[in-house]
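The values are calculated or read from the model by the stated rules, or taken from the named source; none is laboratory data. Treat the numbers as computed from the prediction; the structure is a model and nothing was measured. Ideal geometry is used to build each Cβ from the backbone, glycine not excepted, and the neighbour counts take in all protein chains shown.
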């Protein structure tokens, strides 16, 4: 039987190492965000890379108890107060395409768009216009654009300014800005939102699309643990706040 | 390295067997409830045992979408409609001491009470009176008694009648009825509820206390899958019905 | 705020009802499998429908501790023996397209094939041949066919015999048999396996494709609970049987 | 119906705030670890507090793919490669008293010991000796001491040095060192391990015991996401490496 191979962490000789670095050494003078970057990239980040990952993780950590992830975690705890790990896990299970998952899809779109520009010898603007036009023709919604409240999402500017001033803004940022212009032309002006912004930046930092979803989970777990902790200390068990109205068949005899 | 040993199921030679029985044979003329009994007891049930397990599983399958398990499953799906297995799992994570878990604790109380009667040469009534008196003195709530609505839970009578007419009612049923009398004497009259009734019956059928929680999960998964299926076909994504009111510190500048 | 509407279960007046039927009544003379059918279809099954659902649930309940679902549940318990619900939930999370999920995809293929035959005025054999030919051209694997060990899966014959003798075999069974012939013609002979068989039968019983995955979960939870129970009573905590071999960078200093 | 109240996060007016601070502001110049501290404490950490939390989170992030949490996540993905959030959630479900949960129990012991010293006017050494003596008499294992490999756990010294040099070492660190001396006296010399060290430090930073488990989850999710990502990119589906040996009843006919 083959063993499971791994290049991530190692503690066979009692020394714990992550990607070859001694964990006790990483614990001094390095941040948790450095460790996250190291775990996923196999190398430590430079200051700009660290600042961007910090900003992204904070940007998605918690938007309020009513989000599906937070509400799911609280409801699970309401029936099962003995297990905070169950509640946090339940919260993660609410993360999907409709909640927290747009970054991953947007990273795929960016990777495909940049590859297409290269393969078809198009400028990024030409590739973006083609993709926006096709999406409109197929009635397909493009992830990463639009915001319920803001005309421009303030978090987008923060990430792009950090990326530019640190010299790491590349094809990802350039392409999503091209998409923003293309969408304004063929549909209507829609700002790049946090999902689109983090997707562009993570692409330029060399992450694969699946990290677009994983980074949301890492950040959101910080919020979920706080939500669960508040629920446990402040509320009673069996707290069910969802009104349910039965509208099925009325009572009827069995036979 | 030691292998995992198991006495449950076997498919090494391509033939699938559960507890030594060919699965294709079990599929004809046997019910799913027989298989559940077989998986947990290592033998097939007689008609009374099967009828009792059927009644218990139906009795806990679904009490409405507002229960923590069902509401958790629906909320998880609301953010993550791509994965019905995630939603069902999230629903199970809401099962705990406060929701669906009383049967297990009640089975432990029954096992301890019956053992105490035997060890101390007490009648079941004497042991029950001692336990009820101690619980009252310690302010400890006894699982398996009391109902929000009914003076007597109709499901209790169904299970006990089935157990008695089938000749499987034993010390479990006798002891919980002794507890009901003892509680009426030292506290106030509280009917045996479904958790208490299924605990007594499962004790008499030879199940261990942990099955008191597992049987709730098996039955409730039938309901959770239906809740999730209805949510998927009838509702929109990101349906958040929990009102949340922020009451923390007001907005403040960072530095 | 809108309430959650539901047509499944109702306990507003203290009486618990499933699809309008009193739960205490369902507990007598009806089986758990009846309740599962009722929850998902809104009506009780006839004897053939019940027998088919029983056979399917038993057919998927447990194939051995090494399946991803069972092994995941056992490993989760190994670190967290305090929560059997966590372990069962973890086991369900291993159910996906590669494990237990083929029935759902196969039901979609059957529904599409039957609809195509009708829309394009083809016989089921003609539609099946077209689909098999296209799948071969696109290198697409068709779910529901082939078996590692058997030339014919004995569970398939059991389900189809039950469906035929009970008069419920319809377009679903007919189409998947047409697919078997078509695949034999354009690829090579591949028997209808349990996933294909249950998909055909569930189609003919009027279930939607998502039930193809949910029925696997319902059946497998019977096995998962037994696996978890055995793990708890028979094994020690922190039982890790997966050999892992680190093959990443060797130890290196941090700076 | 009462709303869910919360003091954590707020996005009612479209501005997202955590504990009153604007999220865009937190994204600049603050780290993710600051946000974690803020979410759980309601205030931002000073540099020593941040360094300690960083060190703890890195210290528990990943010790290798064979830990129950990591192995559970990989196995879940092996059957269900469509859902990385399911795999990460499954990994969290393996966190319990036997894996990752010692910090929480150790924080409870510290809080009880410090309270007892105060209530009974004992020195911390006297309280520790009493507790160690009682634990030995009851055969109770004390969480937070002992290591399979090291005579002293290097991570412990790192945390205590950071806490002391930053002036935040208080009764928590003092009490666990008193416990180490007491255990050496009444049992045998056992070093304070990472669980004991983080428990002492978190106590002195004002966290409640439940955070001892939650901080492990936050840190470990960094590792779990990397393990899941590696599994997805490097391995095939249905990769089952757990050897299982059936040792139940041999094949037998059903009737």
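Here is the figure for segment A:9-52: residues that are touching a strand residue (DSSP E or B) at 6+ places or on another chain (Cβ under 9 Å), surrounded by fewer than 24 Cβ atoms within 10 Å (Cβ to Cβ) and assigned to a loop (DSSP other than H, G, I, E, B) total 7. Exactly one residue among D:57, D:93 is out of contact with any strand residue (DSSP E or B) (no Cβ under 8 Å at 6 or more places or on another chain), at the interface with chain C (Cβ under 7 Å from one of its Cβ atoms) and at pLDDT 95 or above, and that residue is D:93. Looking across segment C:61-74, the residues that are crowded, with 24+ Cβ neighbours inside 10 Å and either more than 18 Å from residue B:7 (Cα to Cα) or more than 7 Å from chain D (Cβ to nearest Cβ) (or both) come down to C:61, C:62, C:67, C:70, C:73, C:74.
Evaluation of residue B:77 against the conditions (1) over 20 Å from the mean Cα position of the chain (by Cα); (2) assigned to a helix (DSSP H, G or I); (3) surrounded by fewer than 24 Cβ atoms within 10 Å (Cβ to Cβ) shows that the sole unmet condition is (3).
A residue that is under 30 Å from residue D:91 (Cβ atoms), away from every other protein chain (no Cβ under 14 Å) and within 16 Å of the chain's Cα centre (by Cα) occurs nowhere in segment A:147-162.
Checked against (1) in contact with a helix residue (DSSP H, G or I) (Cβ under 7 Å, 6 or more places away or on another chain); (2) within 14 Å of chain A (Cβ to nearest Cβ), residue C:228 passes all but a single condition, namely (2). Sub-6 Å Cβ pairs linking a first residue in segment A:238-251 that is more than 7 Å from chain C (Cβ to nearest Cβ) and at pLDDT 70 or above to a second residue that is surrounded by 16 or more Cβ atoms within 10 Å (Cβ to Cβ) and part of a loop (DSSP other than H, G, I, E, B), at least 6 apart or interchain, are A:238/B:98, ordered by first then second residue. Taking (1) modelled with pLDDT of 95 or more; (2) at the interface with chain A (Cβ under 8 Å from one of its Cβ atoms); (3) out of contact with any helix residue (DSSP H, G or I) (no Cβ under 9 Å at 6 or more places or on another chain) in turn, residue D:217 satisfies each apart from (3). Could you tell me whether residue C:32 is facing chain B (nearest Cβ under 7 Å) and within 26 Å of residue C:209 (Cα to Cα)? The answer is yes for residue C:32. Kindly establish whether residue D:234 is more than 14 Å from chain B (Cβ to nearest Cβ), out of contact with any strand residue (DSSP E or B) (no Cβ under 8 Å at 6 or more places or on another chain) and either free of Cβ contacts under 8 Å to residues at least 24 places away in the same chain or surrounded by fewer than 21 Cβ atoms within 10 Å (Cβ to Cβ) (or both). No, not satisfied.
Taking segment D:80-98 as the range and being closer than 17 Å to residue A:92 by Cα and surrounded by fewer than 24 Cβ atoms within 10 Å (Cβ to Cβ) as the test, the residues that pass are D:81, D:82.
If you go through segment B:17-34 and pick out every residue that is over 18 Å from the mean Cα position of the chain (by Cα) and over 16 Å from residue C:162 (Cβ atoms), you end up with 6.
Does residue D:212 count as under 24 Å from residue D:66 (Cα atoms) and away from chain A (no Cβ under 13 Å)? Taking the combined requirement at face value, the residue does not satisfy it. One residue stands out in segment C:35-54 among those that are within 14 Å of the chain's Cα centre (by Cα) and over 27 Å from residue B:197 (Cα atoms): the one that is farthest from the other protein chains (Cβ to nearest Cβ), namely C:52.
Take the residues of segment C:99-122 that are free of Cβ contacts under 8 Å to residues at least 24 places away in the same chain and at negative phi: which is surrounded by the most Cβ atoms within 10 Å (Cβ to Cβ)? Residue satisfying both the conditions and the ranking: C:116. Just one of the listed residues (A:87, A:61) is in contact (Cβ under 8 Å) with a residue 60 or more places away in the chain, under 22 Å from residue D:73 (Cβ atoms) and outside any helix (DSSP H, G or I), namely A:61. Just one of the listed residues (B:157, B:163, B:135) is within 24 Å of residue B:57 (Cβ to Cβ), in contact with a helix residue (DSSP H, G or I) (Cβ under 9 Å, 6 or more places away or on another chain) and surrounded by fewer than 22 Cβ atoms within 10 Å (Cβ to Cβ), namely B:157.
With respect to the conditions (1) within 27 Å of residue D:18 (Cα to Cα); (2) more than 9 Å from chain B (Cβ to nearest Cβ); (3) touching a helix residue (DSSP H, G or I) at 6+ places or on another chain (Cβ under 6 Å); (4) touching a residue at least 40 places away in the same chain (Cβ under 8 Å), residue A:79 falls short on a single one, namely (2).
Candidates in segment A:167-201 are the residues that are at pLDDT 95 or above and more than 19 Å from residue A:131 (Cβ to Cβ); of these, the one that is surrounded by the most Cβ atoms within 10 Å (Cβ to Cβ) is A:198. Every condition in (1) within 14 Å of another protein chain (Cβ to nearest Cβ); (2) more than 30 Å from residue A:59 (Cα to Cα) holds for residue D:117 except the one numbered (1).
If you go through segment D:202-212 and keep only what is surrounded by 24 or more Cβ atoms within 10 Å (Cβ to Cβ) and under 14 Å from residue D:114 (Cβ atoms), you end up with D:202, D:203.
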